[in-house]
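The next block holds one structure in the form of C-alpha cells; read it before the comments.
Every number here is computed from the coordinates shown, using simple stated rules; none is lab data. These numbers come from a predicted model, not from an experiment. So basically every Cβ, Gly included, is an ideal-geometry build from the backbone, and we count neighbours across all protein chains shown.
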Amino acid sequence: MDILASSSHLDLAEILANDPTTFLFMSEHRKVRTSGAIAHITARAEGGVDKDSPLQMAVAEAFQRARELGQKNPIVIGAIPFDVSQPSALTVPEWYEFMPHMAVNTNQSVKLEPLTVSEYRYQPNHSDFKNMISEAVQRLKQGQLEKVVLSRILELDLSQAVDCNAILQNLIVQNPAVYQFRIPLGNNNTLIGASPELLVRKQKNSITTNPLAGTCKRMADPQQDHLNAQRLWQSTKDQHEHRLVIDTLRTQLSPLCDQLDIPAQPELIQTSNLWHLSTRIQATLKEPATNALQIACLLHPTPALCGSPAVTAKQLIDELEPHDRGLFSGIVGWCDSEGNGEWAVTIRCGLVQAKRIRLFAGAGIVADSDPESEWQETGAKLGTMLNAFNIHNGE
Ligand SMILES: C=C(O[C@@H]1C=C(C(=O)O)C=C[C@H]1O)C(=O)O
C-alpha cells in the first residue's frame, strides 16, 4: 500500500485524523495505520494454527474480498482474547499504510488537565488478591502445577471524559521502544496500550519471539535501581518462572523450525518503570508459507500469561480470578496476505470508554511467591497506564 512520501513529523492527532475506525500498531519493525473495514472477523482463534480453522478461513475469505476491491496485499489487524473460545476482534481494513518511523512524533507529550478520579474499583481488592495468591501457592506446593499467572483489574471513574488519543500520545512518549496500539472496539470503546512483549514477528521464513517473565520495579535512585536489577537477575524464583516459558516455546517451535536459536541465559531489559528477564528467540521456519497469525495462535497463551502446564493453569485462573480477562492478556497485532506480521501480548493496556477506564495487570506465581510482593508487582505494572493518564495516587 501507500507509503507516506514526506518524512515530516506527525502528531497522533494527525495520524488518527479523528477517524474512529483507525487501528494503530507500532513497533520498531513496522508502524501500521488503517482506515475503514472490509470485514469484521469475530471467529474464535481456537485451533487457529490450522489453515482450515474457522479463523483462518474467515481471514482468507476477507482477503479475497479485499483483493476483488483492488488491494494487492490486504492485512488483518486487531485483538484476540486471552480465552480463545471467546470471539476475536479483528478487522480487514479498507485502507492501510506502513508509516515511516520518522513520521511519528515520539517526543512531545500532551499536557493533560489534571483528572479527578471519582471512584477506584479493585477487582479483586487487596486482601482478596492476597488470598487468591495464597490459594494458588497451596496448589503449586501440592505439585498440581508449576506456574500460574494471576491478575487483577483496576477500574477508574473519572469526573470528565478522557481524550483517548492524548493518552496514547503520552504512552508513546513515555514508552518509545515497545509495541503501542490503538484498537477501536465499537460503542466508543477503545483498547490502548504499550506492551513490552513480542509474541511473534514473521518476515518471510524468519520468526522472532521475545518472552518476558520475572519482573521488579525500577527505582528513582540509580544505585538502588541497579541493585534491584541485580537482585532480579540472581533470583532463583524469577529465573525458574522465566525458564518455564522458554521450555514451552522450545517444545512448540522445534517441530516447525530448521534452526532455533535460544540464548542459554535471559538478559535484563528495562521499560520506563520495570525490569524484566527477557529472552530473544530467533528461528527459521521449515514451511515459510505458515502465516504470522497461525504461529501466534500456536504460541498463545504462553506460560508468561497463563502458566504451566497450560490446561491446569487455565482451569485455576477460571476458578480463582473473579473477573473475565476479555482481551487483556490476549494478543494484538497484524498479519498480511503474504503471511508476514507482528503480534504482541496485550498487557500494559487499558479499555477506555468516555469517563471509564479499565486497567489490567498480572504476575507469574510459583510455589515460593509472596502475596504482598505480587500485589506490589501488579501495582507497578498498572503504573505504565496510570502515568500516561497522569494519575499518581491510588496505586
Ligand atoms: C501479565 C503481565 O505481565 C507478564 C508477566 C510477567 C511476570 O510475571 O514477571 C512479566 C511480563 C509479562 O509476561 C502484565 O503486565 O499484566
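Remarks
- Separation of alpha-carbon centers, segment 305-378 and segment 248-272, rounded to whole Å: 20 Å
- Scattering curve values for segment 185-265, log₁₀ I(q)/I(0), Debye with Cα scatterers, q = 0.11, 0.15 Å⁻¹: -0.48, -0.77
- Based on C-alpha pairs under 8 angstrom that are at least 6 apart in sequence, the chain has a relative contact order of 24 percent.
- Two-decimal log10 I(q)/I(0) for segment 213-260, as the Debye equation yields it once each C-alpha is a single scatterer, q = 0.20, 0.23, 0.27, 0.29 Å⁻¹: -0.69, -0.78, -0.91, -0.97
- Out-of-range pairs (alpha-carbon distance over 31 Å; input Lys217/Lys355; Lys204/Lys314; Lys31/Lys355; Lys72/Lys286): Lys204/Lys314
- Fraction of alpha-carbon pairs over 38 Å apart in the chain - percent: 15 percent
- Structural descriptor for segment 181-234: relative contact order 19 percent, calculated from alpha carbon pairs under 8 angstrom and at least 6 residues apart.
- Distance from segment 102-180 to segment 39-100 (C-alpha centre basis), Å: 27 Å
- Taking the square roots of five times each eigenvalue of the Cα gyration tensor of segment 317-367, the equivalent ellipsoid has semi-axes of 25, 18, 10 Å, listed largest first.
- Here the average projected area of the convex hull drawn through the C-alpha atoms of segment 27-82 stands at 4.9 nm².
- Helix-derived mean residue ellipticity, 222 nm - over the chain, DSSP H n ≥ 4, -39500 (n - 2.57), to 500: -9500 deg cm²/dmol
- Note on segment 238-382: along the principal axes its Cα atoms extend 44, 39, 33 Å, ordered by decreasing extent.
- Max mean-square fluctuation residue, GNM over the chain, Cα-Cα springs under 10 Å, options Ala367, Ala220, Ala66: Ala220
- Dimensions of segment 53-189 based on its C-alpha atoms, expressed as ranges along the principal axes with the largest first, amount to 57, 46, 30 Å.
- Given 11 as the ceiling on other Cβ atoms within 10 Å, longest exposed-site-free region of the chain for trypsin sites (Lys or Arg not before Pro) in DSSP loops: 205-395
- Calculated log₁₀ intensity ratio I(q)/I(0) where the Debye formula runs over C-alpha points of segment 1-121, q = 0.10, 0.17, 0.22 Å⁻¹: -0.42, -0.96, -1.22
- Counting neighbouring Cβ atoms within 10 Å and putting the fewest first, the residues Tyr120, Tyr179 line up as Tyr120, Tyr179.
- Per residue, the convex hull spanned by the Cα atoms of segment 99-156 measures out at 171 cubic angstrom.
- Basic side chains Lys and Arg get +1 at the Cβ, acidic Asp and Glu get -1 at the Cβ, and with that the dipole of the chain about its Cα centre reaches some 280 debye.
- Of Gln169, Gln282, Gln223, the one that fluctuates the most in a GNM where the chain has Cα springs shorter than 10 Å: Gln223
- For segment 269-314, the fraction of C-alpha pairs farther apart than 12 angstrom is 74 percent.
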